[in-house]
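Here's the structure we're looking at; comments come further down.
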Amino acid sequence: RKEVEQDPGPFNVPEGATVAFNCTYSNSASQSFFWYRQDCRKEPKLLMSVYSSGNEDGRFTAQLNRASQYISLLIRDSKLSDSATYLCVVKHSSASKIIFGSGTRLSIRP
Amino acid sequence: DAGVIQSPRHEVTEMGQEVTLRCKPISGHNSLFWYRQTMMRGLELLIYFNNNVPIDDSGMPEDRFSAKMPNASFSTLKIQPSEPRDSAVYFCASSFYGRSGSTDTQYFGPGTRLTVL
């Protein structure tokens, strides 16, 4: 079983829709959580960190559920430019090692 | 500000040849990571350094792969001899890790697209 699991998608939704995807992690000692975004043929870039209390950044909301060991990303009022692969990232308590999920592909159609 | 710099951006080589990928991390960062990305396996961590010291190389596929970080501003990933299954995009990333309030954000370079024929 992979340490960080994501639904690979693709999620294909119309512009303006709300879309959400989850990511589960297996190591209960995981300490920090992030969502990265990767555009086609580009490098991953940090989208947002995920805090225990949940956090929002514009149209994006991230939530953490430690009891069930998953994090989620919600995108409201989706734009064509949101089309990308979203990578779930989990950091262990040990120095600096982080684990990337395999990503969820999102495609927004006009 | 210059981000993470990788070279070359593209490399096409023949099976059996030695390949060297280069990375210059962001100035001031003390952690450096090498990743490999393929369609089949996604993004895999190969090795990471903290303060130029290799901390975890458990992701390095086999002895054909080696990585060095001779100083804080330069790292190499070498494949010798290369094989077709090594074809992938290789990313280098850097971050700052500190005792009090570490910055966990990893900044990725543009990657090196390697094709081994």
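The selection criterion, being away from chain B (no Cβ under 14 Å) and either part of a loop (DSSP other than H, G, I, E, B) or in contact with a helix residue (DSSP H, G or I) (Cβ under 8 Å, 6 or more places away or on another chain) (or both), holds for residue A:16.
If a residue must be in contact with a Pro (Cβ under 8 Å, 6 or more places away or on another chain) and surrounded by 18 or more Cβ atoms within 10 Å (Cβ to Cβ), how many such residues does segment B:49-67 contain?
Here is the first cut: in segment B:49-67, the residues in contact with a Pro (Cβ under 8 Å, 6 or more places away or on another chain) are B:52, B:64, B:67.
Next cut, surrounded by 18 or more Cβ atoms within 10 Å (Cβ to Cβ) only: B:67.
Qualifying residue count, segment B:49-67: 1.
Screening B:46, B:117 for residues that are among the aliphatic types (A, V, I, L, M), touching an Asp or Glu at 6+ places or on another chain (Cβ under 9 Å) and surrounded by fewer than 18 Cβ atoms within 10 Å (Cβ to Cβ) leaves exactly one candidate, B:117.
Return the residue satisfying two criteria in turn: it lies in segment A:31-82 and is part of a loop (DSSP other than H, G, I, E, B) and either among the acidic types (Asp, Glu) or crowded, with 19+ Cβ neighbours inside 10 Å (or both), and of such residues it is nearest to the other protein chains (Cβ to nearest Cβ). Break it down into steps so the answer makes sense when it comes.
Of the residues in segment A:31-82, the ones part of a loop (DSSP other than H, G, I, E, B) are A:31, A:39-44, A:51-54, A:58-59, A:66-69, A:76-79.
Imposing the further condition that a residue be either among the acidic types (Asp, Glu) or crowded, with 19+ Cβ neighbours inside 10 Å (or both) reduces the set to A:39, A:43-44, A:77-78.
Values: A:39: 12, A:43: 4, A:44: 5, A:77: 26, A:78: 24 Å.
Top of the filtered list is A:43.
Looking at segment A:83-100, which of its residues are outside any strand (DSSP E or B) and either modelled with pLDDT of 85 or more or among the aliphatic types (A, V, I, L, M) (or both)? Spell out how you get there, then give the answer.
First pass over segment A:83-100, keeping only residues outside any strand (DSSP E or B): A:83, A:92-97.
Those that are outside any strand (DSSP E or B) and either modelled with pLDDT of 85 or more or among the aliphatic types (A, V, I, L, M) (or both): A:83, A:95.
If you go through segment B:8-36 and keep only what is buried (at least 20 other Cβ atoms within 10 Å of the Cβ) and within 11 Å of another protein chain (Cβ to nearest Cβ), you end up with B:31, B:32, B:33, B:35.
Is there a residue in segment B:26-36 that is β-branched (Val, Ile, Thr) and assigned to a strand (DSSP E or B)?
Residues of segment B:26-36 that are β-branched (Val, Ile, Thr), as a first pass: B:26.
Those still in the list that are assigned to a strand (DSSP E or B) too: none.
Within segment B:26-36 (the criterion being β-branched (Val, Ile, Thr) and assigned to a strand (DSSP E or B)), the answer is no, since none of the residues qualifies.
Whether any residue in segment A:19-28 is within 14 Å of chain B (Cβ to nearest Cβ), touching a Ser or Thr at 6+ places or on another chain (Cβ under 9 Å) and in contact (Cβ under 8 Å) with a residue 24 or more places away in the chain is what I want to check. Within segment A:19-28, one or more residues are within 14 Å of chain B (Cβ to nearest Cβ), touching a Ser or Thr at 6+ places or on another chain (Cβ under 9 Å) and in contact (Cβ under 8 Å) with a residue 24 or more places away in the chain. State whether one or more residues within segment B:54-76 are within 11 Å of the chain's Cα centre (by Cα), assigned to a strand (DSSP E or B) and facing chain A (nearest Cβ under 10 Å). Scanning segment B:54-76 turns up no residue that is within 11 Å of the chain's Cα centre (by Cα), assigned to a strand (DSSP E or B) and facing chain A (nearest Cβ under 10 Å).
The values are calculated or read from the model by the stated rules, or taken from the named source; none is laboratory data. Keep in mind that this is a model prediction, so the values were computed, not measured. Ideal geometry is used to build each Cβ from the backbone, glycine not excepted, and the neighbour counts take in all protein chains shown.
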